[in-house]
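S.K.: Please find one structure pasted underneath; my questions will follow.
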Amino acid sequence: MIEIQGVTKRYGPRTAVEDVSLTAAPGRVTGFLGPNGAGKSTTLRVLLGLDRPTAGRALVDGVPYRDLRRPLRTVGAMLDGAGAVPERRGVDHLRWIAQTHRIPARRIEEVLDVVGLTDAARARVRTYSLGMRQRLGLAAALLGEPRVLVLDEPVNGLDPEGIRTVRTFLRDYAAQGNTVLLSSHLMGETAQTVDDVVVIDRGRVVTSGPLEEVTAGHAGLED
Ligand code: ADP
Ligand code: ADP
């Protein structure tokens, strides 16, 4: 369960997000949708404790991210690609995270299989396409078998088949009782993945609710 309550974030005189509130519930895929620059990444960074909010708070299962006892076992996150060192091999990136967070090594083969990177795991990250980097980021997010997944633009750079694969995976993951929050600037595409929608524009939430209700009131959401 994710609860973002009245989060405002200013960078100097610039307001990135203003009084943003949203809930992402277990068993559902929640889409955080809005154009580039709307404030999605800023909100997710606050949620993950990477940025301190100017006002408001963000909770995962009732506590701020930084207070989670075993963060990677609770929240799997993918922001802005994999964040992997280009000269490292994909599998070593995952090994390093697993060791740092005391996650059993057997999980590495499991998550590589889930994202379809088993064959490429021994190649260096610098040789990866954007889609492969995205898949490595998703694999890293899944290592700790988290109850909550937070993904910033997870299908960027994937081909249509890759998008379908990720979509099916995320729907199954949520159906097992997990919470999935994903951001996207592609509204029409994401509509096929999500149960609930939060639309943000120029730093403010403009509408939110179950997909059917939100699209009924906003025909323009289909891109
Ligand atoms: P989105 O993820 O929806 O594309 P962002 O959260 O990245 O939007 O950006 C929201 C706004 O905040 C933009 O106007 C952006 O320029 C600004 N912003 C984001 N991060 C910073 C930062 N570190 N310093 C200054 N402004 C920032
Ligand atoms: P490219 O190397 O041309 O950029 P991608 O790396 O985006 O291609 O994807 C290659 C193939 O891997 C896709 O056609 C798709 O079948 C599969 N794929 C992509 N992303 C995922 C994912 N997250 N999980 C599982 N399979 C994926």
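S.K.: Please list, in chain and number order, the residues 5+ apart from GLY56 or on another chain whose amide H is under 5 Å from its amide H, with Hs placed from the backbone.
M.R.: Excluding prolines and chain starts, which carry no amide H, the hits are THR8.
S.K.: Oh, and also: Summing +1 for each Lys or Arg and -1 for each Asp or Glu, what net charge is found among the other residues whose Cβ lies under 13 Å from the Cβ of GLU109?
M.R.: Net charge in that neighbourhood comes out at +1.
S.K.: What whole-number distance in Å separates the alpha-carbon centres of region 1-39 and region 70-111?
M.R.: One Cα centre to the other: 25 Å.
S.K.: Then there is this: Mind pulling the angle between the C-alpha long axis of helix 130-142 and the longest principal axis of the chain? Nearest 10 degrees, somewhere in 0 to 90.
M.R.: 90 degrees
S.K.: Here is a follow-up. Can you classify region 33-131 as rounded, prolate or oblate using the Cα gyration tensor, where a ≥ b ≥ c are the square roots of its eigenvalues, rounded means a/c under 1.5, and otherwise it's prolate if a/b beats b/c and oblate if not?
M.R.: oblate
S.K.: How far is helix 106-115 tilted, in degrees, relative to the longest principal axis of the Cα atoms in the chain, given as a value from 0 to 90 rounded to the nearest 10?
M.R.: Tilt relative to the chain: about 60 degrees.
S.K.: Same structure, new question: May I ask for the longest run of the chain untouched by GluC sites (Glu not before Pro) that are loop-located per DSSP and have at most 15 neighbouring C-beta atoms (other than their own) within 10 Å?
M.R.: 88-221
S.K.: At 0.890 mPa s and 25 °C, plugging the Kirkwood radius over alpha-carbon pairs of region 1-81 into Stokes-Einstein gives what diffusion coefficient in µm²/s?
M.R.: 187 µm²/s
S.K.: At 7 Å along the Cα-to-beta-carbon direction for both TRP96 and ALA216, put a label point, then send me their distance in nm to one decimal.
M.R.: Placing both labels 7 Å beyond Cα along the Cβ direction yields 5.0 nm.
S.K.: May I ask you to list the trypsin sites (Lys or Arg not before Pro) in region 103-191 that are in a DSSP loop and have at most 11 other Cβ atoms within 10 Å of their Cβ?
M.R.: Hits after loop and neighbour filter: ARG122.
S.K.: Check which residues have an amide H placed less than 5 Å from LEU143's amide H, if you skip close sequence neighbours.
M.R.: Placed amide hydrogens put nothing under 5 Å from LEU143.
S.K.: What are the extents of the Cα atoms of the chain along their three principal axes, listed from largest to smallest and rounded to whole Å?
M.R.: Here the Cα extents, ordered largest to smallest, are 46, 36, 34 Å.
S.K.: Mind computing the radius of gyration and Dmax over the alpha-carbon atoms of region 120-223? Å is fine for both.
M.R.: Just the Cα atoms of region 120-223 yield Rg and Dmax of 15.0, 48 Å.
S.K.: Place a +1 charge on the Cβ of each Lys and Arg in region 23-129 and a -1 charge on the Cβ of each Asp and Glu, then give the dipole magnitude about the Cα centre in debye, rounded to the nearest 20. List each step's numbers first, then the result.
M.R.: Numbers: 18 positive and 10 negative charges, 59 e Å.
In total the dipole reaches around 280 debye.
S.K.: To the nearest 20 Debye, how big is the dipole of the chain about its Cα centre, given +1 on the beta carbon of each Lys and Arg and -1 on that of each Asp and Glu? Write down the numbers at each step before the final one.
M.R.: Details: 29 positive and 27 negative charges, 233 e Å.
In debye, rounded to 20, the chain gives about 1120.
S.K.: So what is the 222 nm mean residue ellipticity for the chain from helices alone, if each DSSP H run of at least 4 adds -39500 (n - 2.57) and you divide by all residues, rounding to the nearest 500 deg cm²/dmol? Walk me through the numbers before you get to the answer.
M.R.: Details: 8 runs with 73 residues, N = 223.
So the calculated ellipticity at 222 nm is -9500 deg cm²/dmol.
We did not get these values from a lab; they are worked out from the coordinates using the rules stated. Note that the structure is a prediction, hence the values are computed from the model and not measured. Neighbour counts run over all protein chains shown; Cβ positions are idealised from the backbone, glycine included.
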